[in-house]
Amino acid sequence: MSVKKILCVVGTRPEAIKMAPVILALKKERWVDVRVVATAQHRHLLDQILVYFGIEPDIDLDIMRPSQTLASLTAQLLLDLDAVLLTEQPDAVLVQGDTTSAMACALACFYRRVPVGHIEAGLRTWDTHHPFPEEANRVITGKLARWHFASTQSARQNLLREGVSSADIFVTGNTVIDALLATAAREIAPDPDRDPSKRLVLVTAHRREHFGEPFRNICLALRTLAENNPEVQFLYPVHPNPNIKDVAQACLAGLSNFTLCAPLDYAAFIAAMNVAYFILTDSGGIQEEAPALGKPVLVMRDETERPEAVEQGSVKLVGVEAESIVKEAQRLLDDEPAYRLMARGVSPYGDGQAAGRIVTVLREHFS
Ligand code: UD1
Ligand code: UDP
């Protein structure tokens with residue numbers, strides 16, 4: 001079998017976490033010349049993850065600008081990725097998820113007629129505006145992909161409903177579980193600043209459609225919870241987006257039991273999830289990781305493209321109204337049986353073998 005060149009393109013923190021197991025698995029294959037392209041739609045958040053997994057990009061487009069707009073980001077990505085495709089002449093390109101990097105890369109590949117593998121294919125809310133712009137990004141990416149690597153059967157069903165041929169869909173599990181299990185197996189020193197006698201609530205929030213009033217509501221709810229529960233510790237590693245960071249600082253700084261900190265590196269974040277009582281988040285990836293660790297998740301959104309853990313009972317949607325966030329979080333703090341029902345360590349998203357399955361599909365295709 002002749003050597004094939006495969007480009008793995010990553011732009012943001014979650015793409016790097018979920019692409020890392022695939023890159024590391026491809027690097028073991030003798031038939032692949034694997035090249036890592038960092039668009040660097042995120043800079044610091046991306047570098048933190050690549051360093052953790054020991055992955056050095058072969059090409060770095062260094063795209064990120066402060067408060068970048070979606071149009072400027074997309075335009076720059078298209079131009080720069082097109083130049084990469086022209087120089088590299090890959091046999092296939094892999095993208096992950098629903099970011100603007102993934103979508104623009106799929107489009108650039110389409111224009112150059114390079115086949116694309118979409119990892120974490122088929123997530124849908126069926127509402128183009130929620131989440132924004134991710135639902136449109138993944139629909140466009142899915143429309144252009146040659147291989148659809150779906151995490152679950154329900155993602156596969158979504159793709160079939162859109163007319164994707166069943167022969168092009170591969171249910172692999174989500175590579176986030178591969179990364180999680182590899183990381184959770186490592187020894188991580190406990191955080192010296194944490195009082196282990198106190199329960200910890202871990203918080204993250206960053207979504208673009210929450211900028212403005214919804215995010216202020218989220219902060220108000222967090223403040224109320226911290227004030228009403230002085231015996232509980234809150235930890236919020238804050239996303240560097242100024243629309244998030246500045247509002248979080250203004251609303252939440254100065255509370256004695258509420259720690260705002262810089263984004264944690266991946267291993268430290270997994271360790272924090274492991275010791276957390278429960279997690280309040282609007283993140284996609286955390287909805288997949290936390291159930292595997294047996295941690296309840298309250299999702300501060302009105303909808304989710306990840307229904308499996310909601311159906312299983314470990315994830316609950318609590319919206320973005322302060323009142324409902326406070327009520328549901330307080331219930332988990334006060335009602336032990338309700339808490340126990342949500343704290344189950346089963347993951348509907350994978351068994352840690354997803355990357356191997358993706359590599360097998362590609363190997364069989366090219367042989
Ligand atoms: C992006 C993705 C979103 C994903 C999220 C994961 C898009 C449109 N959005 O959202 O789907 O869930 O990443 O975190 O693809 N910034 C820094 N340093 C960094 C990263 C970001 O300063 O390392 C700041 C910059 O000012 C940047 C801004 O955050 O302009 C926004 O970054 P961007 O990637 O456009 O959007 P996110 O909200 O991070
Ligand atoms: N994460 C991290 N450090 C943090 C917060 C999150 O490493 O301080 C990881 C987390 O474990 C998950 C991923 O980042 O794998 C989620 O990224 P994010 O919430 O930014 O994006 P989303 O999943 O919503 O697209």
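The values are calculated or read from the model by the stated rules, or taken from the named source; none is laboratory data. None of these values were measured; they are calculated from a predicted model. Here the Cβ is made from the backbone with ideal geometry for all residues, glycine too, and neighbour counts use every protein chain on show. Accessible surface is based on the protein model in full, side chains and every heavy atom, while ligands, DNA and RNA are left aside. Shrake-Rupley method; radii C 1.70, N 1.55, O 1.52, S 1.80 Å.
In the full protein context, segment 21-74 carries 49 Å² of accessible surface per residue, based on a 1.4 Å probe and ignoring ligands, DNA and RNA. Heavy-atom accessible surface of segment 84-154, averaged per residue, reaches 36 Å², computed with a 1.4 Å probe.
Taking ILE177, ILE169, ILE188 as the candidate residues, the one with maximal mean-square fluctuation in a Gaussian network model of the chain, Cα springs under 10 Å, is ILE188.
Assign one of three labels to segment 1-102, namely rounded, prolate or oblate, based on the Cα gyration tensor with a ≥ b ≥ c the square roots of its eigenvalues; rounded applies when a/c is under 1.5, prolate when it is not and a/b is larger than b/c, and oblate otherwise. Oblate, since a/c reaches 1.5 and b/c is not below a/b. I'd like to know which of GLN96, VAL114, MET342 lies farthest towards the positive end of the charge dipole of the chain, counting +1 on Cβ of Lys and Arg and -1 on Cβ of Asp and Glu. Going by the charge dipole, the pick is VAL114.
The residue among SER67, ASN241, ALA155 whose Cα reaches farthest toward the positive pole of the charge dipole of the chain, with charges on the beta-carbon of Lys, Arg, Asp and Glu, is ALA155. Considering only GLY122, GLY97, GLY313, the Gaussian network model of the chain with Cα springs below 10 Å gives its largest mean-square fluctuation to GLY313.
When a/c is below 1.5 the answer is rounded, else prolate if a/b is larger than b/c, else oblate, so apply that to segment 285-354 with a ≥ b ≥ c taken from the square roots of the Cα gyration tensor eigenvalues. Oblate is the answer for segment 285-354, as a/c is 1.5 or above yet b/c matches or exceeds a/b. Between ALA322, ALA71, ALA145, where does the largest GNM mean-square fluctuation fall for the chain, given springs only between Cα atoms within less than 10 Å? Highest fluctuation among the options: ALA71. Between the beta carbons of CYS261 and VAL51, assuming R0 = 25 Å, the FRET efficiency works out to 0.85 to the nearest 0.05. Of the solvent-accessible surface of the chain, computed with a 1.4 Å probe over protein heavy atoms with every protein chain present, carbon and sulfur atoms account for 52 percent. Distance from the Cα centre of segment 145-206 to that of segment 46-116, in angstrom? Centre-to-centre distance over Cα atoms comes out at 21 Å. Excluding ligands, DNA and RNA, the accessible surface per residue across segment 176-228 is 52 Å² with a 1.4 Å probe.
Give me the lysines in straight-line cross-link reach of LYS143: C-alpha distance below 26 Å, same-chain residues under 8 apart excluded. Here the lysines satisfying the reach criterion relative to LYS143 are LYS4, LYS5, LYS18. With a/c under 1.5 counting as rounded, go ahead and sort segment 98-153 into rounded, prolate or oblate using the C-alpha gyration tensor (a ≥ b ≥ c being the square roots of the eigenvalues; past the cut-off, prolate if a/b is larger than b/c, else oblate). Because a/c hits 1.5 or more and a/b fails to exceed b/c, segment 98-153 counts as oblate. Once the chain from ASP127 to GLU364 is taken as fully extended at 0.36 nm per residue, the excess over their C-alpha distance is 81.8 nm.
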